[in-house]
C-alpha cells in the first residue's frame, strides 16, 4: 500500500474560486509551484463558489470554466453524438470518440465528475479526446441524468444501462465488445466502480476500471475530509451541497451504489487503475477502496499524484501532473486492451 498523503491542499474546479484564507496559506506549503499559481489566480478572480448557486446556475458556471486550463483539444478521426436507451425509455446522450475509423477498437465507457449535480459531455470533452488519442481506443462519454431533478439511483442506473447496451450493441458502432473498460472521475469514478461490480454480477467481463479520485465512502468521515475541509477546490460545504441533491437518506448513503466501499464483496471485479490527488478530501477513501480491491485479490495499480488536488486532471495546460496522469491512465488502458 502506498503511504497516505500528508497535509496540503488546493486545486480548481468544483468550488472554482475562494478567498485566500489562513487555511489556504497553510496548505500551500506542500503544493507544487504550478498548483499554487493556479490557486492564486483563482482567488483573485473572485467568482462565487458553485455551492452558493442554484444547481442550474452552477452547471452554467462550471461549463464556462471547464476548459480554461485543459490541454489543447485533440482532433480525432471520429467524433459522433449518439444516444443509448435507458431502462425507462429515456434517450441518454453520448459522444463517441475514436482515433481512427477502423472497426474493432476496444471501448472505454467514461462517466464524468460533478458531484452527480453538474458536469456533462462538454465539460469533459477534451479529457475524453485525450484518453482516446493516447490509449488508441474508442471512448464513449455518457451524459447521465443529474440531481436534483434525478436523484439516486438514477445516475447509477443510467451508467449501467449504457454499459449493458454497449456490451450488446456496441459492435454496430465499430467497437470490439470483447474489450470493454469503464472509467470516470470523482462522482463519475463512483459510477465506474459500481459498474465494475454490476458487470461482475452480470457475468460481463471488463478489461479495466479506470478511477480518477473516485468517491467511495458513505460518509465524509475520513481524516482527509477533516484535513482538507476548508481552503480547497473541493470544500466540505460543496461536498454536502452535491450529495444533498443526490441522496436523501442515510439508507441511500449507505447503499453500495453510492458508496462502493460498502459493497458486500468485490471478488472477481475488473482490474483497477486508481489515480488520486494527494491534496484532496477524497484521497483516503480512494486508498481504502484500492485496499478493499487488493484484499479481494483484484489487481490494482494505485498512483497518488503529489502536491495537487481534486480536479487536477482537467488542468493539463498548467499542471504537469495532469499530463502524467493522462499518460499513466492511457498506458493502463493500452495494456488492459492488449494494445502494447
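The values are calculated or read from the model by the stated rules, or taken from the named source; none is laboratory data. Computed from a predicted structure; not experimentally measured. Neighbour counts run over all protein chains shown; Cβ positions are idealised from the backbone, glycine included.
Worth pointing out:
- Restricting 233, 154 to residues that are more than 21 Å from residue 332 (Cα to Cα), buried (at least 24 other Cβ atoms within 10 Å of the Cβ) and more than 14 Å from the chain's Cα centre (by Cα) narrows the list to 233.
- All positions within the range 162-206 that are buried (at least 17 other Cβ atoms within 10 Å of the Cβ), out of contact with any strand residue (DSSP E or B) (no Cβ under 7 Å at 6 or more places or on another chain) and assigned to a helix (DSSP H, G or I): 164, 187, 190, 194, 197, 198, 199, 200
- Given (1) crowded, with 21+ Cβ neighbours inside 10 Å; (2) out of contact with any strand residue (DSSP E or B) (no Cβ under 8 Å at 6 or more places or on another chain); (3) outside any helix (DSSP H, G or I); (4) modelled with pLDDT of 95 or more, number of the condition residue 209 does not satisfy: (2)
- When 259, 251, 330, 336 are checked against the criterion of being closer than 15 Å to residue 193 by Cβ and modelled with pLDDT of 95 or more, a single residue qualifies: 259.
- Selection of helices (runs of 4 or more DSSP H) fully inside the range 236-306 by the criterion of at least 3 residues being under 18 Å from the mean Cα position of the chain (by Cα), surrounded by 15 or more Cβ atoms within 10 Å (Cβ to Cβ) and at positive phi returns nothing.
- The set of residues in the range 87-106 being in a strand (DSSP E or B) and over 17 Å from the mean Cα position of the chain (by Cα) consists of 91, 92, 93, 96, 97, 98, 105, 106.
- Complete set of residues in the range 222-235 that are within 24 Å of residue 42 (Cβ to Cβ) and in a loop (DSSP other than H, G, I, E, B): 228, 229, 230, 231, 232, 233, 234, 235
- Counted residues, the range 56-74 - those being in contact (Cβ under 8 Å) with a residue 60 or more places away in the chain, crowded, with 18+ Cβ neighbours inside 10 Å and not in a loop (DSSP other than H, G, I, E, B): 3
- Residues of the range 115-123 include at least one that is buried (at least 20 other Cβ atoms within 10 Å of the Cβ) and part of a helix (DSSP H, G or I).
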